[in-house]
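K.L.:
Pasting in a structure now, in structure tokens, and then I'll have a few things to ask.
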Amino acid sequence: MVMMKTKNVMAVSVMLAVACIAQHGYSYDAGDWLVRGGATTVDPKSDSDDLQVNGAAVAGNTVKVGDDTQLGLTVAYMLNSNLAVELLVSTPFEHDIYGKGATFDALDIDKVGSTKHLPPTLTLQYYPLDAKSAVQPYVGIGVNYTTFFSEDTSGAVDSNFAGADLELDDSVGLALQVGVDFAINERWFANVSVWKADIETDAEIEFDGGVLNVDDVEIDPYVYNIGIGYRF
């Protein structure tokens, strides 16, 4: 009998707690700030024009950009219960750049170099469900600005091209986003989100006596994030 009463009390307590959170805790309202943080992976789906040596194209020789994972952080401000503005920031990503083609193979160049970049992205988000839903999917559209820095050539490039110096142009492009929040309690939630960003740059290696160019390096990555968030 005591055990049955204890179970009944626990059941009632759980029901009251769920009702309380459903009524007050999950609501995304105008003026709320949503801070999300976690592991963010930039996975380029890269392609490029052919390598050019002193202005002459070398057909069949292109470059590819590797992926990287860093700490990502987003801050969103709820304009109302269905619309928000979000900014994505992160610690710097570092990517290796690889050469593909007969010329790179002949020179024994696999890794061309590396670069770091920051990809701040501003999006307008739409949350379609009721503000009190414990699961909050959303979609977003916005603009990505990617700035490249700390560009370095590899040892293989340096040994073939004395004085080699790599530069990458910054990029501005469209960004699309889809994500979902899962409430943990009245303030904390788990998050999974994906961006598709339009990132395109021109790569140039100046060396003693000439220039290597690869135009229209289309990085166009998928950006994956998994982490936790806090609403205040």
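Just so you know, all these numbers are worked out from the coordinates, no wet-lab data involved. A quick note: this is a predicted structure, and the numbers were derived from the prediction, not measured. Quick reminder, even Gly has a Cβ in these numbers, built from the backbone with ideal geometry, and neighbours come from all protein chains shown.
K.L.:
If you fit an axis through the alpha-carbon atoms of helix 2-20 and take the longest principal axis of the Cα set of the chain, what angle between them do you get, 0 to 90°, nearest 10?
P.N.:
Around 60 degrees separate the two axes.
K.L.:
Just how many pairs of Lys in the chain have C-alpha atoms closer than 16 Å, counting pairs that are eight or more places apart or on different chains?
P.N.:
For the chain, qualifying lysine pairs total 7.
K.L.:
Given labels modelled 7 Å from the Cα in the Cβ direction, how far is it in nm from A30 to D67?
P.N.:
Taking the two extended label points, one gets 4.1 nm.
K.L.:
Moving on to the next point. From the phi angles alone, apply the Karplus equation (6.51, -1.76, 1.60; θ = phi - 60°) to the range 187-192 and give each ³J(HN,Hα) in whole Hz, x where the residue is Gly or Pro.
P.N.:
10, 9, 8, 8, 9, 10
K.L.:
While we're on this one: At 1.306 mPa s and 10 °C, plugging the Kirkwood radius over alpha-carbon pairs of the range 92-232 into Stokes-Einstein gives what diffusion coefficient in µm²/s?
P.N.:
Taking Rh from Cα pairs, D becomes 90 µm²/s.
K.L.:
Using a 7 Å offset from Cα along Cα-Cβ at Y77, what residues in the range 204-232 end up with backbone N under 16 Å from the label point?
P.N.:
232
K.L.:
First select every other residue whose beta carbon is under 13 angstrom from the beta carbon of Q125; then total the charges, Lys and Arg +1, Asp and Glu -1.
P.N.:
-2
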